[in-house]
Amino acid sequence: MTKVVLITGASSGFGEAAARKFAQDKCKLILAARSLDKLRALASELSSQCVVHVAALDVTKQESVDTFMTSLPADFRNIDLLVNNAGLALGLEPAHLVDFSDWETMVDTNIKGLLRMTRAVLPIMVERNTGHIINIGSTAGNWPYPGGNTYGGTKAFVQNFSRGLRADLLGKRIRVTCIEPGMSETNFSNVRFKGDDTRADKVYEGTKPLSAEDVAEIIYWVNAMPAHVNVNTLEVMPTCQTWSGLAVSRTMEQ
Ligand code: NDP
Ligand code: 8X3
């Protein structure tokens, strides 16, 4: 039977690359994001390989998720794989200087948006006793860095929630995986720095970051493993990235 794959945030980066990867498998693809024009362009490119349904989706809005779900064509309703990928970071300021609305947007998208999609799709999987949810976390959820504050917090949530789902789904043939990439060159930094492309480019200067295609391969692989194999968490960094030591101030007054 043809696998039905729903990818959120399919208009760019990991989501777009994952769409191209699953298209090679002739899956039935559901591509969702806010930028419908980009989704349509991608769908027309992939339509010679597989059947694609595109739909506008803003995961921060419950009514958008509801409309998206009720508008799914009947032959796309039995979702086998949900890739909860839509997400973003906004800003890199220290916590006492941030624009609070940026924190709200990250929580609304990375946490509440992922929850909305999970709550909408999981009952379909439970009813059919089959499925796989792949949540996109981040190294930022494991390893704090200055300015990562709420973004890292949202991704730590994604990891812990993924594990909680596994606990709830004991005895069901439903897999849950949290993939946690490190530095990857996509539109991520352009969004984080709100269109300051020079600053975004500097993040990757002199490095060989992960590409969207690298992460898409991993998404594909964890799903392609046999149904009895559940990859719980998978953290991946470019080889040029590693940890620095714990930070110590030698100038502060005690
Ligand atoms: P991109 O900015 O290239 O892609 C982000 C995608 O998310 C876009 O398709 C965007 O589509 C979608 N999106 C954002 N907000 C919403 C929303 N409210 N509703 C629906 N879709 C939304 O970045 P990446 O591909 O890098 O990011 C994908 C995921 O990977 C994110 O969760 C990110 O946090 C995570 N990640 C990224 C890393 C990196 O270094 N790049 C590393 C680790 C994790 P649109 O604007 O059209 O809605
Ligand atoms: C994206 C990786 O290090 O920019 O999640 O937070 S990082």
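Read-outs throughout are calculated quantities, based only on the coordinates presented, and are distinct from any laboratory measurement. Quick caveat, the model's predicted, so the values are computed rather than measured. Don't worry about glycine lacking a Cβ; one is built from the backbone with ideal geometry, like all the others, and counts go over all protein chains shown.
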Any residue at all in region 173-184 that is within 15 Å of ligand 2 (Cβ to nearest atom), under 19 Å from S11 (Cα atoms), part of a strand (DSSP E or B) and in contact with a Lys or Arg (Cβ under 9 Å, 6 or more places away or on another chain)?
no
Breaking point among (1) part of a helix (DSSP H, G or I); (2) within 13 Å of ligand 2 (Cβ to nearest atom), for G147
(1)
If I filter region 202-217 down to residues being within 14 Å of ligand 2 (Cβ to nearest atom), in a helix (DSSP H, G or I) and not small (G, A, S), which single residue comes out as surrounded by the most Cβ atoms within 10 Å (Cβ to Cβ)?
V215
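Mind listing whichever residues of region 9-26 are part of a loop (DSSP other than H, G, I, E, B) and surrounded by fewer than 23 Cβ atoms within 10 Å (Cβ to Cβ)?
Looking only at region 9-26, we keep the residues that are part of a loop (DSSP other than H, G, I, E, B), and these are 9-12, 25-26.
Scanning region 9-26 gives S12, D25, K26.
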Return yes when N142 is in contact (Cβ under 8 Å) with a residue 12 or more places away in the chain, within 14 Å of ligand 1 (Cβ to nearest atom) and at negative phi and no when it is not.
yes
Extreme residue, nearest to T242 (Cα to Cα), among residues of region 157-196 that are free of Cβ contacts under 8 Å to residues at least 12 places away in the same chain and within 13 Å of ligand 1 (Cβ to nearest atom):
N190
Answer yes or no: is there a residue in region 102-120 that is surrounded by fewer than 18 Cβ atoms within 10 Å (Cβ to Cβ), away from ligand 1 (no atom under 12 Å from the Cβ), polar (S, T, N, Q) and closer than 23 Å to Y220 by Cα.
no
Considering region 174-201, residues that are acidic (D, E) and crowded, with 19+ Cβ neighbours inside 10 Å, and then whichever is nearest to V5 (Cα to Cα), we arrive at E180
Say we look at region 34-54 and pick out the residues that are hydrophobic (A, V, I, L, M, F, W, C) and assigned to a loop (DSSP other than H, G, I, E, B); which of these is farthest from K21 (Cα to Cα)?
V51
Take region 66-87 and flag every residue that is within 16 Å of ligand 1 (Cβ to nearest atom) and either in a helix (DSSP H, G or I) or farther than 19 Å from K3 by Cβ (or both).
D66, T67, F68, M69, S71, A86, G87
Can we say G13 is within 25 Å of Y145 (Cα to Cα), in contact with a strand residue (DSSP E or B) (Cβ under 8 Å, 6 or more places away or on another chain) and touching a residue at least 40 places away in the same chain (Cβ under 8 Å)?
yes
Does region 88-137 hold any residues that are under 25 Å from M183 (Cβ atoms), assigned to a helix (DSSP H, G or I) and either touching a His at 6+ places or on another chain (Cβ under 6 Å) or away from ligand 2 (no atom under 16 Å from the Cβ) (or both), and which are they?
D108
